[in-house]
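Peer 1: First the structure, then my questions, so here it is.
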Amino acid sequence: MKNQETGDEENNRWPPWLKALLGESFFEKCKSHRVCRLKSGCNRYCLDCMDGALCSISIKDHEDHHIVQIRKSTNQEVIRVCDFQKILDLTGIKRGIINGDKVVFLRKHIKRKAQFIISEEDFTNKCEACWCRIPVPFFFCSLSCRMGGPKNFQKKKRHSAAMVSDSDSLYSGSSHGREKSKVQGTKRRKGIPHRAPMG
């Protein structure tokens, strides 16, 4: 019974169209409208119908529906923050900039170098879901990681930040001690000699 309640809570946590959106393939040629030869291909999605990626011609059948456009940044699919911030919680997701607009990545980077994966013990800021490096103060690298990440990430992050702060304090204290020892170990300069007055 408890597992069922947990599953229902998880399903209610996100809108039903989000999982469908993240599982969709975009920027492919439209099979229904071959006359649509735009390089962008099918880069739109109807949040009301959830019936797959749409081209610029297909959206005419979805008049008065909530249509969103998917964009690309460094070969990764992104969405504009302004298109989703009123209908979706984007808290903690890494932001990017395209033509002056803030965007977030739909999915995590599949091809990432080994040096971008860090251990749990490392205090470097990382994605709470896939551990790839991300800038402060973000918690997730993409929307998919935010959806699959822990619900208590803010509490975990505060705990992690406190540990980092303590670590920095210890490091600063040891550095201060080393600097003090260095000063004490330095030989004093001899002063300028003064002759005694002639008697």
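What follows is calculated from the coordinates using simple rules that are stated; it is not laboratory data. These numbers were taken from a predicted model, which means no experiment stands behind them. Positions of Cβ are backbone-derived with ideal geometry, glycine not excepted, and every protein chain shown enters the neighbour counts.
Peer 1: Filter Lys19/Lys86; Lys86/Lys108; Lys72/Lys94 down to the pairs with a C-alpha to C-alpha distance above 21 Å, please. Working shown, then result.
Peer 2: Working: Lys19/Lys86 18 Å; Lys86/Lys108 23 Å; Lys72/Lys94 15 Å.
From Lys19/Lys86; Lys86/Lys108; Lys72/Lys94, over 21 Å: Lys86/Lys108.
Peer 1: Out of residues 5 or more away from Lys126 or on other chains, whose amide H comes under 5 Å of its own, with H placed 1.01 Å from N in the peptide plane?
Peer 2: The answer is Ile134.
Peer 1: For a quick check: sort Lys86, Lys94, Lys31 by the number of other beta carbons within 10 angstrom, fewest at the front.
Peer 2: On the way: Lys86 6, Lys94 20, Lys31 9.
Least crowded to most crowded, the residues run Lys86, Lys31, Lys94.
Peer 1: Residue by residue through the range 59-67, which ³J(HN,Hα) values in whole Hz follow from phi under the Karplus form 6.51 cos²θ - 1.76 cosθ + 1.60 (θ = phi - 60°), with glycine and proline marked x?
Peer 2: Using θ = phi - 60°, the values come out as 5, 5, 7, 10, 4, 6, 8, 8, 9 Hz.
Peer 1: Kindly put Ser32, Ser142 in sequence by how many other C-beta atoms sit within 10 Å of each C-beta, fewest to most.
Peer 2: Numbers: Ser32 12, Ser142 26.
Ascending Cβ contact count within 10 Å gives the list Ser32, Ser142.
Peer 1: Hey, can you grab everything whose amide H is under 5 Å from the amide H of Arg44? Only 5+ residues off in sequence or another chain; H modelled, so Pro and N-termini drop out.
Peer 2: Those lying under 5 Å, H to H, from Arg44 are Leu54, Ile70.
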